[in-house]
Amino acid sequence: MKINKSNLSNQLVLSILVFFSIMGAKLISQNQNAPLILDMVHHNPGETPYDSKYNNPAVIKEMGYNGKVYFLFESPALAINWESVDADILPKGSEDRKWVDEKAAQIKQMHAACKAEDMAIYAMSDLVLFPKRLIEKYHIEKTFGNPNDALTEKLIRAQINEMFDQFPDLDGLVVRIGETYLHDAPYHLGAIEDKTNPKKTIIPLINILKEEICEKRDKQLIFRTWGAFDRDMDDYLAVSNAVEPHDNLIISIKHCEGDFHRSNEFSKVIGQGRHRQIIEVQSAREYEGKGAYPNYIANGVIDGFEEHARMPEDQINSIQEFVDTKPELYAGVWTWSRGGGWDGPYIKDELWCDLNSWVVAQWGQNIDKSEAFIFNRYATERLHLKGDDVAKFRKLCLLSAEAVVRGRNSTYRDMNPWWTRDQGIAWPMVVKGDLEHQRNLDQKDESITKWKKIVKLAKSIHWQNKETKSHAIGSSEYGLKLYNIYRTLVYMDNAVSKGDTKEVQKWIKAYDKAWKDYNKLAEKYSTIATLYTQDYKRHIANYADLKVNKLRTK
């Protein structure tokens with residue numbers, strides 16, 4: 001039989017092309033479903049943006065991230081010119097057009113730096129957010145917050161188109177409807193009606209965005225559940241059932257319900273429904289010092305916090321359990337390396353938020369590795385610790401998680417978590433009941449004992465250099481002395497509840513001494529964070545010092 005070499009050659013080439021085509025498609029599919037490891041710096045609204053190394057895409061890429069989420073006031077939603085809709089919305093030469101154009105130039109520069117590092121670019125945006133001129137011109141003051149309104153829907157679609165047309169490097173949007181911040185958006189207004197209503201708001205809005213972003217443009221939509229449908233399982237499943245899954249649609253969920261408070265419940269909607277989920281983690285906890293003191297939360301987030309150990313066995317209580325039981329729903333993790341909340345404390349050294357961010361980022365892309373394995377890599381690769389110092393550092397960090405939950409709350413949530421936040425302290429809000437009061441007091445004592453061990457460990461470790469040693473010890477003492485202030489207030493509140501005037505005066509003296517000791521820290525350590533203030537009133541009406549001063553006269 002005569003073999004046609006030409007045909008054989010052609011068949012071979014065709015087979016090779018088919019093989020590589022199949023493999024290429026598989027690689028693309030795998031890449032689309034590879035976990036997103038994202039970071040965001042959450043700047044304080046209305047303030048000068050944080051001067052942080054995490055603003056640099058090269059830095060977070062080296063840490064293990066593959067994408068960056070730009071904050072609300074770095075979003076193209078504020079920087080599009082709306083000319084595709086109406087040139088008079090932001091007329092050239094006007095103050096608002098000048099502001100928008102300058103914002104656009106700033107954002108494009110940021111995107112270029114990110115793209116140079118081959119990092120995916122995401123923008124977090126509030127919806128619905130439109131220019132004031134647009135709202136006034138179209139007389140939609142009462143309707144623009146309703147995505148079911150025909151004109152609002154049309155404008156949302158136009159907005160999405162302009163964002164991706166004018167910022168082509170954008171890989172996707174992170175959308176939130178829980179709140180609307182306008183502190184750094186002087187020419188825009190935001191609103192959303194019935195933000196917790198799946199049928200009226202959430203489902204129609206997701207479907208609009210999904211069609212425009214995921215389907216028409218093959219870009220990614222990350223829709224945040226926070227403040228909308230993150231706490232009610234029926235609402236979450238209603239959204240999940242009504243919105244058809246898409247490879248480009250991801251649901252974003254905080255690892256705990258509500259805000260990032262210890263003792264809040266682990267999110268019940270993680271691992272539920274039909275859509276892939278990305279888990280939000282705050283590295284510099286806004287209610288817990290913002291990185292001012294040791295506060296290792298990566299272990300609890302990954303393997304489960306101690307307060308979640310009492311959950312029923314059939315419920316997921318950690319993101320490790322999530323990826324083990326529902327791997328098909330795992331879309332990745334995204335950290336807030338810095339920020340959240342308002343005002344200070346303002347840190348000068350990013351050690352403690354760096355630890356949380358690095359461990360979460362590395363674990364997020366290596367979910368077959370244990371948290372302890374990743375942690376030890378941090379201790380050796382980034383802190384250059386050796387021998388017994390690695391174990392000491394591990395013990396210090398795990399103790400910090402135990403000390404924080406006991407000092408600010410309790411492992412049984414015996415306090416309202418809002419009693420201290422940002423750089424201020426309110427009067428303690430303790431759950432009623434003799435058992436709860438005593439347990440809460442006991443845990444405040446335990447917290448101080450643990451903080452003392454943390455300081456001792458920090459002093460015993462052979463740190464890489466004097467600067468790191470000074471900060472590790474200084475920030476540990478910051479935690480000890482701050483949590484001693486917390487303890488004196490909780491004991492004072494207990495004495496007030498019992499009507500024990502003598503005991504109240506005893507704890508007022510202890511409170512004054514605790515503040516005096518705390519305020520001396522800055523004299524000894526140059527790299528510690530700014531301090532909490534006694535007269536902080538923002539978001540805290542009943543601040544502690546006001547109450548203490550009234551008690552002095554009784």
Worksheet item: Of all residues in segment 226-239, which are surrounded by fewer than 19 Cβ atoms within 10 Å (Cβ to Cβ) and on the phi < 0 side of the Ramachandran plot?
Response: 231, 232, 233, 234, 237, 238
Worksheet item: If you check 79, 116, 112, which single one turns out to be farther than 25 Å from residue 286 by Cα, buried (at least 17 other Cβ atoms within 10 Å of the Cβ) and touching a residue at least 40 places away in the same chain (Cβ under 8 Å)?
Response: 79
Discussion item. I'd like to know if segment 230-237 contains one or more residues that are out of contact with any helix residue (DSSP H, G or I) (no Cβ under 6 Å at 6 or more places or on another chain), assigned by TED's automatic domain parsing to the domain that holds residue 123, within 14 Å of residue 173 (Cα to Cα) and part of a loop (DSSP other than H, G, I, E, B).
Written reply: no
Worksheet item: Is it the case that some residue within segment 227-235 is without any contact (Cβ under 8 Å) to a residue 40 or more places away in the chain and within 25 Å of residue 34 (Cα to Cα)?
Response: yes
Worksheet item: In this structure, does residue 452 turn out to be assigned by TED's automatic domain parsing to the domain that holds residue 540, at pLDDT 95 or above and either surrounded by fewer than 18 Cβ atoms within 10 Å (Cβ to Cβ) or closer than 18 Å to residue 524 by Cβ (or both)?
Response: yes
Worksheet item: Just one of the numbered conditions (1) in a loop (DSSP other than H, G, I, E, B); (2) of a type in the set (Ser, Thr, Tyr); (3) without any contact (Cβ under 8 Å) to a residue 60 or more places away in the chain is not true of residue 240; which one?
Response: (1)
Worksheet item: Of the residues in segment 192-210, how many are touching a Lys or Arg at 6+ places or on another chain (Cβ under 8 Å) and either surrounded by fewer than 21 Cβ atoms within 10 Å (Cβ to Cβ) or outside any helix (DSSP H, G or I) (or both)?
Response: 3
Fill in: For residue 340: the one exception among (1) over 30 Å from residue 485 (Cβ atoms); (2) in contact with a Phe, Trp or Tyr (Cβ under 8 Å, 6 or more places away or on another chain)
(1)
Worksheet item: Quick check: is even one residue across segment 49-58 modelled with pLDDT of 55 or more, assigned by TED's automatic domain parsing to the domain that holds residue 338, aliphatic (A, V, I, L, M) and under 20 Å from residue 174 (Cα atoms)?
Response: no
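Yes/no per residue for (1) out of contact with any Gly (no Cβ under 9 Å at 6 or more places or on another chain); (2) within 12 Å of residue 335 (Cα to Cα):
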position	(1), (2)
40	no, yes
50	no, no
72	yes, no
76	yes, no
81	yes, no
86	yes, no
Worksheet item: From the list 158, 123, which residue is among the small types (Gly, Ala, Ser), in contact (Cβ under 8 Å) with a residue 12 or more places away in the chain and out of contact with any strand residue (DSSP E or B) (no Cβ under 9 Å at 6 or more places or on another chain)?
Response: 158
Worksheet entry | Residue list for segment 381-427, filter: out of contact with any strand residue (DSSP E or B) (no Cβ under 8 Å at 6 or more places or on another chain), buried (at least 20 other Cβ atoms within 10 Å of the Cβ) and assigned to a loop (DSSP other than H, G, I, E, B) | 385, 410, 422, 423
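The values are calculated or read from the model by the stated rules, or taken from the named source; none is laboratory data. Because the structure is predicted, anything quoted here is derived from the model rather than measured. Positions of Cβ are backbone-derived with ideal geometry, glycine not excepted, and every protein chain shown enters the neighbour counts.
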